[in-house]
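A short worksheet on the structure shown next.
The values are calculated or read from the model by the stated rules, or taken from the named source; none is laboratory data. On a predicted model such as this, the values are computed, not experimentally measured, just so you know. Note that we place each Cβ from the backbone using ideal geometry, even for glycine, and neighbour counts take in every protein chain shown. The accessibility values were calculated without ligands, DNA or RNA, using every heavy atom of the protein model including side chains. Shrake-Rupley method; radii C 1.70, N 1.55, O 1.52, S 1.80 Å.
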Amino acid sequence: IAVRGKKWSDHLSGMEAMLTDVDQPLFDALQLEGPARIAEIGCGGGGTALRLLRQAPAGSVVHGFDISPNLVEVARQRARALEGDIAFEVADMAKAGPARPYDRLISRFAVMFFDDPQAGFANLVRWLVPGGRFAFAVWGPTSENSWIASTREAVATVVDVPPADLEAPGAFRYGDPNKLLTLLRAAGFGQLAGRSWRGPLAIGGGLPPAEAAHFALSAFSSFNELLAQAGEAA
């Protein structure tokens, strides 16, 4: 977890620029028709929470939670320049309980990393008021995500890349939506629906080719580490 948090922090601006377009479908799925208390799971450096507060109905509250103290501190610094009820806290939402339940939960690419997904999703039910709504994004299968598939393919021509363990915490754990819906149903969520979103995600926010390649190796998975272990020639 610490390694993943540091990697995200080191490449925060590029990752946020790359993923920003995913936010609006999530905001729409929240169906905010009036002021609401909203909690973000895995808020990272706060980019999504800050944008959400700007779009949410007046009087809304946005609280971001992340397991990385470093990322939470970055989010807090950014929030100081914004008016509104927004706060960030260090918490493992797979285990921690809320001081008070929320009307909405939102998460962009964070729920794939629970060590015990059944327990983690069951705990999230405690974070919602009865009838509350939970909107989140997970990656589809790697075959439909060329940003990671092409990088993996290139690295695999130079070093051995271990196959992804789709049962372990990882980005593509829920490429099969039926697996995820079964987990959510067992955890206590109801009225479930999955929707596909497809669109171009510019690597690092639209970097030139050489810089984009460097960003992909450094920011995605453990590619840089595998190459470093193999030596300078790799």
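Can you give the Rg/Rh ratio of segment 123-234, where Rg is from the C-alpha atoms and Rh is the Kirkwood radius?
Radius of gyration relative to Kirkwood radius: 1.07.
May I ask for log10 I(q)/I(0) of segment 1-101 at q = 0.15, 0.19 Å⁻¹, from a Debye sum over the Cα atoms as equal point scatterers with solvent left out?
The computed values of log10 I(q)/I(0) come out as -0.59, -0.96.
Evaluate the charge dipole of segment 110-232 about its Cα centre and quote only its size in Debye, nearest 20, assuming +1 on the Cβ of each Lys and Arg and -1 on the Cβ of each Asp and Glu.
It comes to approximately 780 debye.
Compute, for His214, the solvent-accessible surface of its heavy atoms (probe 1.4 Å) with the complete set of protein chains present, and express it in square angstrom to the nearest 10.
Accessible area of His214: about 120 Å².
Starting from the residue with the highest accessible area, list Thr142, Thr157, Thr151, Thr182 in decreasing order, probe 1.4 Å.
Accessible-area ranking of Thr142, Thr157, Thr151, Thr182, largest first: Thr157, Thr182, Thr142, Thr151.
Between Asp115 and Val158, how high is the FRET efficiency from 1/(1 + (r/R0)^6) when r is the Cβ-Cβ distance and R₀ = 30 Å? Nearest 0.05.
Between Asp115 and Val158 the formula returns 0.45.
Find which of Pro163, Leu180, Gln229 sits farthest along the positive direction of the dipole of segment 125-234, computed with +1 on the beta-carbon of Lys and Arg, -1 on that of Asp and Glu, about the Cα centre.
Going by the charge dipole, the pick is Leu180.
If I build a Gaussian network model for the chain, linking alpha-carbon pairs within less than 10 angstrom, which residue out of Glu83, Glu40, Glu16 has the largest mean-square fluctuation?
Fluctuation is largest for Glu83.
Helix-derived [θ] at 222 nm for the chain: sum -39500 (n - 2.57) over DSSP H runs of at least 4, divide by residue count, nearest 500?
Result for the chain, helices only: -11500 deg cm²/dmol.
Could you pull out which residues in segment 173-213 have an amide N less than 11 Å from a spot 7 Å beyond the Cα of Thr20, following the Cα-Cβ vector?
Within reach of a label on Thr20, which here means backbone N under 11 Å from a point 7 Å along Cα→Cβ, segment 173-213 contributes 205-206.
Would segment 189-234 count as rounded, prolate or oblate if I go by the C-alpha gyration tensor, calling it rounded below 1.5 in a/c and otherwise prolate when a/b exceeds b/c, oblate otherwise?
Details: a/c = 5.17, a/b = 1.88, b/c = 2.75.
Oblate is the answer for segment 189-234, as a/c is 1.5 or above yet b/c matches or exceeds a/b.
Could you name the lysines whose alpha carbon sits less than 22 Å from that of Lys179, not counting residues in the same chain fewer than 8 places away?
Reachable lysines: Lys95.
The list (1) 82, 55, 39; (2) 56, 41, 30; (3) 51, 37, 31 gives values of Cα extents along the principal axes in Å, and only one came from this structure; which label was calculated from it?
Checking each listed value against the structure points to (2).
On average, how much accessible surface per residue is there in segment 126-234, in Å², for a 1.4 Å probe, leaving out ligands, DNA and RNA?
For segment 126-234, the solvent-accessible area averages 62 Å² per residue.
Determine the dipole magnitude for the chain: charges of +1 sit on the beta-carbon of Lys and Arg, -1 on that of Asp and Glu, nothing else is charged, the reference point is the Cα centre, and the result goes in debye to the nearest 20.
With Lys and Arg at +1 and Asp and Glu at -1, about 680 debye.
Hey, how many Å between the Cα centroid of segment 101-145 and the Cα centroid of segment 10-67?
With segment 101-145 and segment 10-67 each reduced to a Cα centre, they are spaced 14 Å.
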